[in-house]
Each structure stands twice: as C-alpha cells, then as structure tokens.
Amino acid sequence: MTRWLSIIGIGEDGYDALTPAARSLVEGADLVIGGKRHLAMLPSENVDTMAWPSPIHDAIQQLADHRDKKVCVLATGDPFCYGIGRLIAAHIPMDEITVIPSPSAFSLASSRLGWAFQDVDLITLHGRAYAHLEPVIQPDAKLLILSQNAETPRSVASRLIARGFETSKITVLERLGSAKERIRGQNAEDWSYDDSDTLHVIAVHCIAGPNAQCLSRLSVLPDTAFGNDGQLTKQEVRAATLAALSGAPGQLLWDVGAGCGSIGIEWMRRERRCRAIAIEPEPKRLDFIAKNATALGTPSLEIISGQAPAALTNLEEPHAIFIGGGISNDNVFETCWRKLLPGGTLVANAVTVESERTLLSLQATYGGDLKRIAIVRATPVGSMTGWKPFMPVTQWNVTKPRVGVKS
C-alpha cells in the first residue's frame, strides 16, 4: 500500500524549522489538514487545506475517504506523545503513513529544566479530569503536565496545597520554541500568575510538607482513605488480593460486588494504563465508589449499577476478576469464568461459611490456591492496648487455562 498519508509534527518555531523532508511532504500534498494555528504557519495560500472540525473524531474516521490523494496532517510537536497520531493510527494502518515528528512539549520542557525524561511522570489534563493528578502527587516526584487552559496552573497549585504539598515548586513554560517563550515559577502556596499563555506546560517538583497526605502508589492505601458503609476489603486483605490478581499494564479488571470500590481503585492507581469496571447493586455504595474514585485519582473507573450475573452480560471481557461478594449466587462464578480471558486470573474472597463452602467446591473442580487470611490489630482497651481480631477471610485464586478452557 502506498504511504498516502503523512503526519508532520510542527512546533512553535514554525514552518521554517521543519526538515527538508517534512517540508517536501507538505508542499507535495494534495490536501493539508490541521488546526487553524498550524495551517496559518504555511508559507503559501495556494495549498488546499482543511481545518479540523469539531468533533475531530468524526473527521479522523473519514480520513480513509481521501486514499486517492496525498494527504498531510500537521500536528503539534510529536504526534505520538499525547497527540493526534494515536487517534489516526486507530483507523489507518501504519504501513500507509509516514511520520516525521518534531520535539514534543515534554521534550522541550525537560531540556529547559535539565530533568531526565526517565525520572519524570508525564500526564495530560487537556480534556481530562483534574483528579488524574492525585496518584502522581508523591514525595519528591517530578511531573510534566499538559495543560487545559490558563486556569490550570492555579488549579494544580490548589490541589497540591490541599494534599499538604504547599511548598512544591511549580514552573510554567509557555510557547516553548517560539520567540515568545516565557518560563516562570513559584511555590504552590505563593502562586499568583493568572495570565499564562494558553499554550504551556506545567512542571511540578512535589515537596511534601509536615502535614502531607502521602498516598502511596506502591502499597495499598489505609482503610481511612475510602468512604464506606463497612463494606470494605481491609488493607491487609486488599494487599493479598491485589498480589493474587497479578495485574499487568493495560489489563482490565472486573470488581464484582465492588462495595466501596477499593480493589478496582487500587488496581488503577498502581498503573495508569490499567482499567477496571466496578459492578455493584446498592445505590449508596455506588455513590461511595464514585466519590472514592474521584478523590483517589481514578475518575475513569467504570461503574455499573446492577446485580451479577445479569449485569455482566455485555461488558468487555476482562484479564482479571475479583469477586468480593455474591460468589454463592447462582451462575455468578460460571458467568465470570466464561467471560474471563484465557490466561486470566480470578480471585474470590469469602467470610461466611456458606460462601467458603462454595469456594471449596470450586477449588475441587477447577484447581487453584486456597488460603485463610486472619487479621489481628492492636487497639485501645481503656488505658491499655489489646488485640482485636477481624473475621477471617478465605481466599481462592485460579488461573484460566490458555488451552482446553473449562466453561
């Protein structure tokens, strides 16, 4: 297939900064597509151009209609660094595309600050909820953030202050690579700039204050981090459950009988590419899940109101399933096992004799591992300290065979 489509990354330094090869593809195109800002950089008005409409997704889906032409798309910086390249590649095979990137805003910001790329968390708040900041606010973390608008630095500062990271250093880098480049910084608690150019990157060096809320992404959160009505997988059991689920980047988890959503939220916090669906029938608990997901930085957690197994019918097949409640209900396990992808892991916890009996029967049929988890915590007893036991949890985990799958 002829490479009829080219994607050219262009920076704030304009058309003249493009390589000869990139300029040749632009000038030889029958149609050049881009944002109005990019199209205005073209040296000639004789080129047939088209500005991206809104919504842009519809136009991207129609790109293939232009296969009989040489089409050039102008993109910001590196098209595959939080750019339009990923959207286009979802509809056009890469062997039909030529890509010539320019430095991304992240690359330019790193070069101005002297920050090594491998030491930085890269995130975007462009068109995304500010809650995505929460997991990356960690002691001594360095963040580079693609901004939504001129108000974003103030909002970032507010979230840092609310978490007790008020002395964190914020730097706003505007119009990088252009003659109007400007770099300014202040501590979060002192932030006073409200006139940032729309085109900017925010750099944050997170510094934990004496009252900082440090919610680790590497270990499970304390029970107090979750709003709940008592239906909460305790911290120690949560740690054992997540270890048993053995997640990998980009995998999808079903949290069946999600309670307050703690397992799905922890799953997503650990790896930004991981996804989860929380299935819960109780309205009050659904409210807890939504509030916890926002507060703890996983606003993209999908929440399904419904009772398993009926609520599972049309969901995307998962790589892992946690059954926190309802394992004794008719067809819950059978539906989950049928939907679980080959090689995937299913973990179920039980606290009642009846549900434990179900796990023993399933283990006898499907194999897997059983364990009993008992937690005893030190708690005040008057002016002294004593040991308080919690209900023991029986946990079963099993991996679905990649061949010869039972159904």
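Quick note: the coordinates plus some simple rules give every number you see, no bench work behind them. Keep in mind that this is a model prediction, so the values were computed, not measured. FYI the Cβ positions are ideal-geometry reconstructions off the backbone, even for glycines, and counts take in every protein chain you see.
Projecting label points 7 angstrom from Cα along Cα→Cβ for Ser305 and Asp197 puts them 4.7 nm apart.
With the simple spin-label model, which puts each label point 7 Å out from Cα in the Cβ direction, the Leu87 to Met391 separation comes to 4.9 nm. Residue by residue, region 50-65 carries 3J(HN,Hα) couplings of 9, 7, 4, x, 10, x, 6, 4, 5, 5, 5, 5, 8, 4, 4, 5 Hz when phi is fed to the Karplus relation 6.51 cos²θ - 1.76 cosθ + 1.60 (θ = phi - 60°); x denotes Gly or Pro. Looking at the chain, the DSSP beta bridges with both ends there are about 50 percent antiparallel.
Across the alpha-carbon atoms of region 230-295, the computed radius of gyration and Dmax are 11.2, 31 angstrom.
Altogether, the Stokes-Einstein calculation at 10 °C and 1.306 mPa s, with the Kirkwood radius of region 337-380 over Cα pairs as Rh, returns a diffusion coefficient of 125 µm²/s. Note on Ala116/Arg377: beta-carbon distance plugged into 1/(1 + (r/R0)^6) with R0 of 56 Å gives a FRET efficiency of 0.85. Its DSSP H runs of at least 4 residues, each contributing -39,500 (n - 2.57), put the calculated 222 nm mean residue ellipticity of the chain at -7000 deg cm²/dmol, to the nearest 500.
Its alpha carbons give region 147-213 an Rg and a Dmax of 12.1, 42 Å.
For the chain, the Kirkwood estimate of hydrodynamic radius, built from reciprocal distances between every pair of different alpha carbons, is 24.3 Å.
Cα centroid separation, region 14-28 to region 149-196: 34 Å. Between Asp287 and Asp58, the simple label model (points 7 Å from Cα in the Cβ direction) yields a spacing of 3.8 nm.
For Lys69, a cut-off of 28 angstrom between C-alpha atoms picks up these lysines, skipping any fewer than 8 places away in its own chain: Lys36. Distance from a point 7 Å along Cα→Cβ of Glu189 to each backbone N in region 147-163: keep the residues under 19 Å and list them by number. Zone members listed by number: 154-163.
With 0.36 nm allotted per residue and the present C-alpha distance subtracted, the Asp95-Lys36 stretch has 18.5 nm of extension available.
The alpha-carbon atoms of region 223-399 define a convex hull whose volume equals 117 cubic angstrom per residue. Computed as a quarter of the hull surface, the mean projected area of the alpha carbon convex hull for region 205-328 stands at 8.2 nm². In region 5-102, the convex hull through the Cα atoms has an average projected area of 5.7 nm², a quarter of its surface area.
Gain on full extension, evaluated as 0.36 nm per residue between Thr124 and Val353 minus their Cα-Cα distance, stands at 77.7 nm.
When the listed pairs Lys371/Lys400; Lys339/Lys400; Lys234/Lys371; Lys234/Lys291; Lys142/Lys234; Lys142/Lys169 are checked against a 20 Å cut-off, the alpha-carbon distance exceeds it for Lys142/Lys234.
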